[in-house]
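The values are calculated or read from the model by the stated rules, or taken from the named source; none is laboratory data. Everything quoted here is computed from the prediction, not taken from an experiment. As a convention, Cβ positions derive from the backbone with ideal geometry for all residues, glycine included, and neighbour counts pool all protein chains shown. SASA here: full protein model, heavy atoms, side chains in, ligands and nucleic acids out. Shrake-Rupley method; radii C 1.70, N 1.55, O 1.52, S 1.80 Å.
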Amino acid sequence: MSELSAIEVPLRQKNIVLIGFMGVGKTTVGQLVASKLYRDFVDVDLELEKKYSMSVSDIFASMGEKKFREMEEEFICDLVTSTRLKVISLGGGAFVNEKIRKTCLESSIVFYLDLSWDSWKKRLHLIMNNRPVLQDKSLDEIEELFYRRQNYYENNNSKIATDDLNPEEVADYLVSSLKLGWELYE
Ligand code: S3P
């Protein structure tokens, strides 16, 4: 596998990585951003499901979270150091891992899709059933996880407050701030 991080990747060619808590819209926004920039989109969870022929929930159930985190680390670190020009959405737990944070921040442009707890709570029923990390947790425990995760997501190149924006608006905002960055820094 070629290590692109060793070479200086031009800013315009860097991968764009989306981070944030489960259910904030990383996949929807990522697909929109990719089509606006004529790039390929990669959803890490979906790729892991294809690679291991199992849903994320089944990986958690049969192999455990620790194994899932190892697969996640290997896949993401390989991907971001061996490709360019991709839009990539990470699973919400990936940025807890220091190696993933460091590798993504060194190789890619990292956007954090931020959402307030009050807005997020309203979406819980939509994602509750297929997110193993949320199973058997009380609302207070999920809230605690939500705020604990924010500390990791604060490691980013750009943060977008998404509470009052629909996915199309988030994608437009992301693309215009990216274009501004490209003009300013290249
Ligand atoms: C997880 C988030 C999920 C998925 C897995 C674990 C987490 O991805 O990777 O269920 O720990 O937050 P999404 O953020 O796409 O839901």
Take the range 82-96 and flag every residue that is of a type in the set (S, T, N, Q) and near the ligand (Cβ under 8 Å from one of its atoms). Ser89
Count of the range 115-139 residues which are closer than 21 Å to Glu65 by Cα and either away from the ligand (no atom under 13 Å from the Cβ) or of a type in the set (Gly, Ala, Ser) (or both): 3
Condition set of a type in the set (Lys, Arg) and farther than 30 Å from Arg12 by Cα, scope the range 124-182, selection surrounded by the fewest Cβ atoms within 10 Å (Cβ to Cβ): answer is Arg148
Filter pass, Glu186 being modelled with pLDDT of 95 or more, exposed (fewer than 13 other Cβ atoms within 10 Å of the Cβ) and charged (D, E, K, R): no
Evaluate the following for Ser108: is it at pLDDT 95 or above, over 13 Å from the mean Cα position of the chain (by Cα), small (Gly, Ala, Ser) and open to solvent by less than 60 Å² (accessible area, probe 1.4 Å)? no
Scan of the range 60-77 for residues that are within 9 Å of the ligand (Cβ to nearest atom) and open to solvent by less than 40 Å² (accessible area, probe 1.4 Å), ordered by number: Phe60, Phe68, Glu72
Test Ala94 against the stated conditions and say whether it is open to solvent by less than 10 Å² (accessible area, probe 1.4 Å), of a type outside the set (S, T, N, Q) and within 30 Å of Arg12 (Cα to Cα). yes
With the requirement that a residue be charged (D, E, K, R) and within 12 Å of the ligand (Cβ to nearest atom), what does the range 9-48 give you? Lys26, Asp43, Asp45, Glu47
From the residues in the range 111-123 that are in contact (Cβ under 8 Å) with a residue 60 or more places away in the chain and hydrophobic (A, V, I, L, M, F, W, C), which one is surrounded by the most Cβ atoms within 10 Å (Cβ to Cβ)? Phe111
If I ask for residues that are more than 12 Å from the ligand (Cβ to nearest atom) and either in contact with a Pro (Cβ under 9 Å, 6 or more places away or on another chain) or among the aliphatic types (A, V, I, L, M) (or both), which ones from the range 97-114 would you list? Leu105, Ile109, Val110
Listed by first then second residue, the pairs whose first member lies in the range 175-186 and is in contact (Cβ under 8 Å) with a residue 60 or more places away in the chain, whose partner is polar (S, T, N, Q), with beta carbons under 9 Å and at least 6 positions apart or on separate chains, are Leu178/Ser158; Gly181/Asn157; Gly181/Ser158
